[in-house]
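*Asks:* Right, I'll just put the structure down here and ask away after.
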Amino acid sequence: MTIESFFAMGGYAFYVWTAYGICGVVLVINVLMPLRQRLSFLQELARKQQRQQL
Amino acid sequence: MKFIPDPIGKFFHRMASPPHFYALAGQMIPWLTGIFLVLLGYGLFAGLYLAPTDYQQGDSYRIIYIHVPSAWMSLFIYIVMALAGAIGLIWRIKLAEIMAISSASVGASFTFIALVTGSLWGKPMWGTWWVWDARLTSELILLFLYLGVMGLYNAIDDKRTASKAVAILALVGVVNIPIIHYSVEWWNTLHQGPTVTKMDKPSIHISMLIPLLTMAVAFKFYYVIAVLQRARLELLQRERTSAWVKKLVMEQSK
């Protein structure tokens, strides 16, 4: 099998790769969003604590 | 009379303590991610490259390797969410409440993926993006149930009250799960019947079944990673004023 025929997916390239692409994007967002939110929340808490100490 | 032996009771008590859970989840996520990536890598390679082309559907059938595992996860996560919600409702265990609400967004994502990939598979095979048949409609209702759980939780400020309300909604929605599962048998649907769960004689070849099951296991690992990630955030937000969070923040800002 050549690389071209692999990506062509027997003529169904649009459907197959769009499905895999959307799946990938949704799954990546789902772990990165809570991670980023948690880190920024921790920073916010740290700032609050510093203000209280002053 | 004791139903649960001491060491096991202590184990669960320790596990359910927020600082311990927060730290343990943080340690487990890299390992789980490693296992997930290996399974995902093999599953994708086997599904997209090794598995043969289907004699009827050509290469379009390869959507099955994300569509079916996502659909399974959408049902599995809903049951976990309802069970965690029930445990939280009955025993008022904070961690169970957090697990329930953290499952909702992951479950909604898998339901969304199942619907979108199904649509992308339906267009070339059935000639339409969408039909209002029993399987598709009940899966769409599942998405609305997940979104309802998330919306209700965000609408109530007191998170303990919110968890109660969400648990009741999730439990009522459980009625939809058998409807989704049996929809292809109870009604005459455009959606095909089960191919894998006919355990006596699955109508799928082993070379296609192995990547499918690999992807299903990979998605299970993904769910655990995603739910732990979200649970850590949820836990911090709920416990922001507690001593252990203050200590954690102090140690990190040093």
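The values are calculated or read from the model by the stated rules, or taken from the named source; none is laboratory data. Being a predicted model, the structure only gives us computed values, none of them experimental. Methodologically, a virtual Cβ is constructed for each residue, glycine included, from the backbone with ideal geometry; neighbour enumeration extends over all protein chains shown. Please note that ligands, DNA and RNA were not included when accessible areas were found on the heavy atoms of the full protein model with its side chains. Shrake-Rupley method; radii C 1.70, N 1.55, O 1.52, S 1.80 Å.
*Asks:* Using the Cβ atoms and a cut-off under 14 Å, what net charge is assigned to the surroundings of residue B:131, where Lys and Arg are +1 and Asp and Glu are -1?
*Replies:* Result for the local shell: 0.
*Asks:* Summing +1 for each Lys or Arg and -1 for each Asp or Glu, what net charge is found among the other residues whose Cβ lies under 13 Å from the Cβ of residue B:70?
*Replies:* Here the charged neighbours net out to 0.
*Asks:* Now for a different question. Quick one: net charge of residue B:189's neighbours, Cβ under 15 Å, K/R +1, D/E -1?
*Replies:* -2
*Asks:* Percent relative contact order of segment B:30-116, based on C-alpha pairs within less than 8 angstrom and at least six residues apart?
*Replies:* For segment B:30-116, the relative contact order is 28 percent.
*Asks:* If you take the accessible area of B alone, add that of A alone, and subtract the area of the pair, what total do you get in Å², probe 1.4 Å, to the nearest 100? Before the final figure, lay out the partial values.
*Replies:* Details: alone 14450 and 5270 Å², together 16490 Å².
When B and A are taken together, about 3200 Å² of accessible area is lost.
*Asks:* For chain B, give the magnitude of the charge dipole about the Cα centre (Cβ charges: +1 Lys/Arg, -1 Asp/Glu; no others), in debye to the nearest 20.
*Replies:* Computed charge dipole of chain B: roughly 960 debye.
*Asks:* Relative contact order for chain B: what is it in percent, counting Cα pairs under 8 Å that are at least 6 residues apart?
*Replies:* Result for chain B is 29 percent.
*Asks:* Additional query: Just the number please: accessible area per residue for the protein assembly as shown, 1.4 Å probe, all protein chains included, in Å².
*Replies:* Spelled out: the 1.4 Å probe surface of the protein assembly as shown, per residue, equals 54 Å².
*Asks:* Reachable aspartates and glutamates from residue B:94, Cα under 18 Å, same-chain residues fewer than 8 places away excluded?
*Replies:* B:157, B:158, B:234, B:239
*Asks:* In the structure shown, do any of A:48/B:10; B:159/B:220; B:10/B:164; A:48/B:220 have a Cα-Cα gap over 30 Å, and if so which? Show your work: numbers first, answer last.
*Replies:* On the way: A:48/B:10 35 Å; B:159/B:220 27 Å; B:10/B:164 26 Å; A:48/B:220 38 Å.
Table pairs above 30 Å Cα-Cα are A:48/B:10; A:48/B:220.
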